[in-house]
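Working notes, structure below.
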Amino acid sequence: MRKILLGVLILSTSFCSLAQRKKQQETESKSPPANSIDEKTKGFKRVEGFIPFYLNESQEKIYLLITQFKEEFLYVNSLSAGIGSNDIGLDRGQLGGERVVFFDKRGQKVLMIEPNYRFRAISDNADEKRAVEEAFAQSVLWGFPVIAEDGANVLIDASDFFLQDAHNVAGRLRMSQQGSYSLDKSKSALFTPMIKNFPKNSEFEATLTFSGQPTGAYIRSVVPTPSLVTVRQHHSFVELPDSDYQPRKLDPRAGYFGISYYDYATPISEPIEKRFIARHRLKKKDPTATMSEAVEPIIYYLDRGAPEPIRSALLDGARWWNQAFEAAGYKDAFRVELMPEGADPMDVRYNLIQWVHRSTRGWSYGSSVSDPRTGEIIKGHVSLGSLRVRQDYLIAEGLLAPYENGKPVSKEMEEMAIARLRQLSAHEVGHTIGLAHSYASSSESDASVMDYPHPNVKLVNGKIDLSSAYDTKIGAWDKVAIAYGYQDFPSGTNEDEALEKIIQQSLKEGLTFLSDQDARPTGGAHPYAHLWDNGNSPTEELNRVMAIRELALKNMGENNIKQGVPMATIQEALVPMYFFHRYQTEATSKIIGGVNYRYALRGDGQFTTALVNPEEQMKALDALLATVQPGALQLPEKLIAQIPPRPLAYRSHRELISGKTDLTFDPLAAAESAGDIVFPLLFNPARAGRLVEHHARNAKQPSLEDVLDKIFSATIKASPQRGYAGAVQITVNNVMVASLLALMADEGASHQVKAIANLKAIQLQKWLVSKANATTDEFWKAHYSYVNDMIENYKKDPSDFKRLKLVEAPPGAPIGSLEEACGY
């Protein structure tokens, strides 16, 4: 009996154990494994979209769910909240570049890899492609730890990736000499309001704080606690465009930015480097129609933070581009609208015109996010500096002296400033649709908004007129460029022939494209490609601008400032007037030793190069030397007497003329600055080298000796004057000789340039000694002896030469607000 009971007990216990194990198994089958994705994301919010992710705000964690490996997408980083200093260059809305990347799982790590699209093999041969891929390095941008796996799905921790300094803020602060900073993760966090997901893009953002010791004035001027700099950085993962986009070849005559790469599958008879323009995707619904709607129009959105009347001006100017698209046969293909409320400006789905605030005036930019594989523009991104409009208003105040007692204030100033904003908006949007600067257009009846325009001020009945200061429409060249880049040709069209026809027609119309490298004043050779110039004759325009400047300075005084404003602030209005000629001076200097040329292709019918007429060069030199004569640089005594030292709370700043007389206004420092604009241009080593070369090739061309002799005659050898005029003369002479010695010491100058400059300096010394011995005027005797000592000290030890420290002119460029990407 006991055996039976024991057997029953054992059997009962076994059944109980089996039941418990079965129940446990059923429970376990309903609960996720400890290392599963569901288990690891408990307490996380799942966000569906392009790349699904899980967000846990309390833990400050973002997990990405990777379902596809080795599938390429676009990664873009940007700065959504910046520092606010043009000099540091870390602005709100600044793009950080785009990269094609893909995820690749390696063990318990997922790598984000950037393939090398600079070197390719466009071929059906897999081995040929592999040979190129293995020949050039890729870049692994990050390694993500694997958190969990479910079949083909992998969960990775991306929190540290989004909390990195992807935009290199610390590096930029160091390079701009503002201090040594490092990322402080204890004061950084995810910025969840801008962490979003969409079907074709995933957006992430973080607030980052950088700790360090500030060493620069710029960072101290804009950050409340300069040892702690807090910004926001944005990361975008974007689906790449489909293969339906057709790249268009880059033609140097057409005015486009673009991409290039090396195709190692190219036959040896063809160029290995391939070049294509950057442009938005745009197609006509009916390519055979003269005028057709677009399959999908290009739409730009304006930052809601731009106030009126600025908002309307920016909208109007950007919309000018529809004129060019209409000329290319598109109906309403380019639109500009106000940004939808709540939209993220960094979202790549929106082409954006952004209104950016800084503590100082600075550059505006037209950038874009494009597909590095093809050049297709995915997002246009404009950043417009908000202080530009105030600078243009200040220029107008200086020109008009509008605050005369008893008279209403003219609306011309605001109208001019707003007109400039329209042009600025059009210009920067032009960059974002692919266009480069077109700097010859101002000499061709303002043929492009892609030139830099100086206000086209006129004298009408002896008064300054601003009514046509800036253009009001798109230019003839802009229409050519849009036709080249965006025309949708009917099926069967030979595209190369059609594009060449567009270019040839523009050449017949006298339109020229020349860009940045041709327009720079220091050493530039082209006589008609300049920044901020007007007219088809730089010399004649300089003479005209000097006449306007003379009238503005004659009228300068208390009527340039409002009632109740410190008299010392007259200097704010004085500066842009005193240096009103600076850009036309740069343009005119390029006539001397100038070479006219085109981006000619073999067989296109254009001339290649032509030396500038010798008479034109000497007229240009006369006009330049006229700008440094005492009559041009002296200020009215009444004006000088009206400018007292700065009062309390109105500190001096870099937009004013600095001086050598402590607190009082220094008119001789102003003359020194103006001279230092002209002479470095005339004594530029490249320009001097061209004078030597051109004269050697053609004796009718002016020689360097001729130019130096003429400069000496107009300055240091001119009849000495007395008083204020004489002091200005001496100031200018010192600047001239300092520039001559700098040319002699310049390592970039040719040996013959140095030899000629050295000879002329020796000849000048003999003249100075004779003048010092002959004069009884100690004011001038001192000057002649001083200049002679300058030259002698250089000769003793040229290797120890240090250019005379001169008073720099206040900032000029940007005239009312860089670069590279492109801006002004």
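Under 5 Å between amide H atoms, partner at least 5 residues away or on a different chain: which partners does Leu466 have, H built in plane at 1.01 Å?
The answer is none.
Anything over 22 Å Cα to Cα? Flag those among Lys458/Lys554; Lys508/Lys619; Lys129/Lys379; Lys283/Lys501, in the order listed. Mind showing how you got there, number by number?
On the way: Lys458/Lys554 16 Å; Lys508/Lys619 30 Å; Lys129/Lys379 30 Å; Lys283/Lys501 20 Å.
Among Lys458/Lys554; Lys508/Lys619; Lys129/Lys379; Lys283/Lys501, the Cα-Cα distance tops 22 Å for Lys508/Lys619; Lys129/Lys379.
For the chain, treating each Cα as an identical point scatterer without solvent, what Debye log10 I(q)/I(0) comes out at q = 0.07 1/Å?
Taken in order of the listed q values, log10 I(q)/I(0) reads -0.66.
For the stretch 322-461, count all C-alpha to C-alpha pairs, find those more than 26 Å apart, and express that count as a whole percent of the total. Before the final figure, lay out the partial values.
Values: 3598 of 9730 pairs.
When every Cα pair of the stretch 322-461 is considered, 37 percent fall beyond 26 Å.
Among Val238, Thr215, Leu228, whose Cα sits farthest toward the positive end of the charge dipole of the stretch 208-251 (+1 at Cβ of Lys/Arg, -1 at Cβ of Asp/Glu, about the Cα centre)?
Final value for the positive-end residue is Thr215.
Between Leu759 and Glu48, what is the FRET efficiency for a Förster distance of 56 Å, r being their Cβ-Cβ separation, to the nearest 0.05?
Details: r = 79 Å, r/R0 = 1.40.
Efficiency for this residue pair is about 0.10.
Could you compute the FRET efficiency for Gln246 and Thr290, with r as their C-beta to C-beta distance and R0 at 22 Å, rounded to 0.05?
Numbers: r = 21 Å, r/R0 = 0.97.
Efficiency at R0 = 22 Å is approximately 0.55.
At 7 Å along Cα-to-Cβ for each site, give me the label-to-label distance between Lys795 and Asn773 in nm.
Placing both labels 7 Å beyond Cα along the Cβ direction yields 1.4 nm.
State the percentage of accessible surface on the stretch 667-761 attributable to carbon and sulfur atoms; use a 1.4 Å probe and exclude ligands, DNA and RNA.
Within the stretch 667-761, the accessible surface is 50 percent carbon and sulfur.
Under a Cβ-only charge scheme (Lys and Arg +1, Asp and Glu -1), can you give me the dipole magnitude of the chain about the Cα centre, in debye to the nearest 20?
On the way: 93 positive and 101 negative charges, 333 e Å.
Magnitude of the dipole: close to 1600 debye.
Could you size up the charge dipole of the stretch 377-454 around its Cα centre, putting +1 on the beta carbon of Lys and Arg and -1 on that of Asp and Glu, and report it in debye to the nearest 20? Don't skip to the answer; put the middle values down first.
On the way: 7 positive and 10 negative charges, 61 e Å.
Charge dipole, the stretch 377-454, about its Cα centre: 300 debye, nearest 20.
Given R₀ = 41 Å, FRET efficiency for Lys331-Asn461 by Cβ-Cβ distance, to 0.05? Write out the running numbers ahead of the final one.
Details: r = 45 Å, r/R0 = 1.09.
After rounding to 0.05, the efficiency reads 0.40.
Please report the projected area of the stretch 34-166's Cα convex hull averaged over all directions, in nm². If you can, show how the numbers build up before the last one.
Values: hull surface 44.4 nm².
About 11.1 nm², averaged over all directions.
With a 1.4 Å probe and all protein chains left in place, how much of the accessible area of the stretch 162-224 comes from carbon and sulfur atoms, in whole percent?
Values: 1560 of 2910 Å².
In the stretch 162-224, the share of accessible area belonging to carbon and sulfur is 54 percent.
Quick check on the stretch 242-319: take the gyration tensor over C-alpha atoms, sort the square-rooted eigenvalues as a ≥ b ≥ c, and tell me if it's rounded (a/c under 1.5), prolate or oblate. Mind showing how you got there, number by number?
On the way: a/c = 2.97, a/b = 1.85, b/c = 1.61.
Prolate shape, in that a/c is at least 1.5 and a/b is the bigger ratio.
Under the √(5λ) rule applied to the eigenvalues of the Cα gyration tensor, what semi-axes describe the equivalent ellipsoid of the stretch 715-791? Give them in Å, descending.
On the way: eigenvalues 125, 36, 15 Å².
One finds semi-axes of 25, 13, 9 Å for the stretch 715-791.
Are there any trypsin sites (Lys or Arg not before Pro) in the stretch 699-765 that are in a DSSP loop and have at most 16 other Cβ atoms within 10 Å? List them by number. Show your work: numbers first, answer last.
On the way: sites: Lys700, Lys710, Lys717, Arg722, Lys754, Lys760; in loops: Lys700, Lys717, Arg722.
Sparse-neighbourhood loop trypsin sites (Lys or Arg not before Pro): Lys700, Lys717, Arg722.
Per the Debye formula with a single identical scatterer at each Cα and no solvent contribution, what log10 I(q)/I(0) holds for the stretch 544-637 at q = 0.18, 0.25 Å⁻¹?
-0.87, -1.23
Give me the base-10 log of I(q)/I(0) for the stretch 510-577 at each q in 0.14, 0.19, 0.24 Å⁻¹, Debye formula, one uniform scatterer per Cα, rounded to two decimals.
Taking Cα atoms of the stretch 510-577 as identical point scatterers yields -0.63, -0.82, -1.02.
Pick out, from Tyr63, Leu639, His695, the residue whose Cα sits farthest towards the positive end of the charge dipole of the chain, with +1 on the Cβ of Lys and Arg and -1 on the Cβ of Asp and Glu.
After comparing all options, I get Tyr63.
In 10 Å bins starting at 0, how do the alpha-carbon pair distances of the stretch 459-578 split up by percent?
Going from the shortest bin to the longest, the percentages are 10, 24, 27, 19, 12, 6, 2, 0.
In whole Å and largest first, what semi-axes does the C-alpha gyration tensor of the stretch 614-747 yield when each eigenvalue is scaled by 5 and square-rooted? Don't skip to the end; give the middle numbers.
Values: eigenvalues 232, 53, 28 Å².
Working through the eigenvalues yields semi-axes of 34, 16, 12 Å.
Just the accessible area per residue of the chain, please: how many Å² with a 1.4 Å probe?
Per-residue value: 45 Å².
Over all pairs of distinct alpha carbons, what does the Kirkwood formula give as the hydrodynamic radius of the stretch 693-824, in Å?
16.9
Where the only charges are on Cβ atoms (+1 Lys, Arg; -1 Asp, Glu), what is the dipole of the stretch 334-474 about its Cα centre, to the nearest 20 debye?
Working: 15 positive and 18 negative charges, 38 e Å.
The dipole of the stretch 334-474 has a size of about 180 debye.
With all pairs of different alpha carbon atoms counted, what Kirkwood hydrodynamic radius in Å does the stretch 122-215 show? Working shown, then result.
Details: mean 1/r = 0.0583 Å⁻¹.
For the stretch 122-215, inverting the mean 1/r across all distinct Cα pairs yields 17.2 Å.
Given all pairs of different Cα atoms, what value in angstroms does the Kirkwood hydrodynamic radius of the stretch 582-683 take? Before the final figure, lay out each step's value.
Working: mean 1/r = 0.0590 Å⁻¹.
About 16.9 Å, per the Kirkwood formula over Cα pairs.
State the percentage of accessible surface on the stretch 269-421 attributable to carbon and sulfur atoms; use a 1.4 Å probe and exclude ligands, DNA and RNA.
That fraction is 49 percent.
Per residue Cα convex hull volume for the stretch 261-365, in cubic angstrom?
On the way: hull volume 20.3 nm³, N = 105.
Convex hull volume per residue, Cα atoms: 194 Å³.
The values are calculated or read from the model by the stated rules, or taken from the named source; none is laboratory data. Keep in mind that this is a model prediction, so the values were computed, not measured. When we count neighbours, we look across all protein chains shown, and the Cβ atoms used for this are built from the backbone with ideal geometry, even at glycine. SASA here: full protein model, heavy atoms, side chains in, ligands and nucleic acids out. Shrake-Rupley method; radii C 1.70, N 1.55, O 1.52, S 1.80 Å.
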